[in-house]
Amino acid sequence: MSFLENLNWRYATKKFDSTKKVSDDALQKIRDAIRMAPTSLGVQMFSVVEVVDAETRIKIKEASWKQPQITDSDRVFVFVSRNDGEARIEKMFEVMSGGNEEVRKNALRGYEDMVRSTVLRMDPQDMSNWSAKQAYIALGFALAAAAELQIDSCPMEGFDGAKVKEILGLGDEFMPVAFLAVGYRDENDEHSKKTKFRFPESEIISVK
Ligand SMILES: Cc1cc2nc3c(=O)[nH]c(=O)nc-3n(C[C@H](O)[C@H](O)[C@H](O)COP(=O)(O)O)c2cc1C
């Protein structure tokens, strides 16, 4: 099927077949899609926690209005915003320069100054919000990659972020903002038969 046919094939899966597992190869492609998502200034200011552990998922389900996708899917990718701009930028330029101070000082200085001056003037809440936007782009990439691989998924934001943060033992700088549960649909998931509702193009896109 073509990319657009796969986007039409996918739906927000409500009922997963808990006996079916996603292959390592396909999971790696979804991780790669997450990593390849574009980000503002290239800072990649978000994190993802891939939750596989059954007990952790039972706890997360409790903090997610008991939505069964959390425990019945193969695993849940938790997209996390962060507001540790200083540390993230430091790491970014350290890795980008290969730890070479000369490269960092000469070839990367202008870029680093621009990133620092743009990102570090945000207050922590603005930085979290900005980071969440980057995380959502990655969520979209993961969702599209899953569809392309004919893997079912459910994007989710129906959960208590503060509770999920505690369950995952995340530090102060992190906040879970969205999930992507992945796996395979249960044959009896009524939602797979529903006609998709989408506004006509004219309601969404205008040409000027
Ligand atoms: C950011 C986001 C959050 C969502 N949260 C939930 C959720 O918590 N639980 C759920 O069952 N579906 C959730 N959905 C699924 C939407 O309801 C669904 O994508 C929408 O109704 C369109 O249907 P479709 O994805 O099947 O085409 C979410 C979707 C998005 C994009």
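Here, each number is a calculation from the coordinates, and none is a lab measurement. Because the structure is predicted, anything quoted here is derived from the model rather than measured. So basically every Cβ, Gly included, is an ideal-geometry build from the backbone, and we count neighbours across all protein chains shown.
Quick notes on this one:
- Sorted fewest first by neighbouring Cβ atoms within 10 angstrom, 13, 195 come out as 195, 13.
- Restricting the chymotrypsin sites (Phe, Trp or Tyr not before Pro) of the range 100-205 to loop positions (DSSP other than H, G, I, E, B) with no more than 12 neighbouring Cβ atoms within 10 Å leaves 197.
- FRET efficiency estimate (nearest 0.05) - Cβ-Cβ, residue 157 to residue 58, R0 25 angstrom: 0.80
- Shown for 108, 143, 4: other C-beta atoms within 10 Å of each C-beta, ranked fewest to most, produce the order 4, 108, 143.
- In the chain the longest region clear of GluC sites (Glu not before Pro) that are loop-assigned by DSSP and have at most 16 other C-beta atoms within 10 Å covers 1-156.
- Summary of the geometry: the range 39-104 and the range 110-130, compared by the centres of their Cα atoms, lie 18 Å apart.
- Calculated FRET value between residue 18 and residue 107, using beta carbons and R₀ = 35 Å, to 0.05: 0.10
- The orientation-averaged projection of the convex hull spanning the C-alpha atoms of the chain amounts to 14.7 square nanometres.
- Sites matching chymotrypsin sites (Phe, Trp or Tyr not before Pro) across the range 1-105 that sit in DSSP coil, with at most 11 neighbouring C-beta atoms within 10 Å: 65
- For the set 29/66; 14/66; 29/194; 61/163; 59/193, the pairs lying more than 19 angstrom apart at their alpha carbons are 29/66; 29/194; 59/193.
- Relative contact order of the chain, defined on C-alpha pairs under 8 angstrom at six or more residues apart (%): 36
- Extension gain (nm, one decimal) between residue 90 and residue 121, 0.36 nm per residue minus Cα-Cα: 9.6 nm
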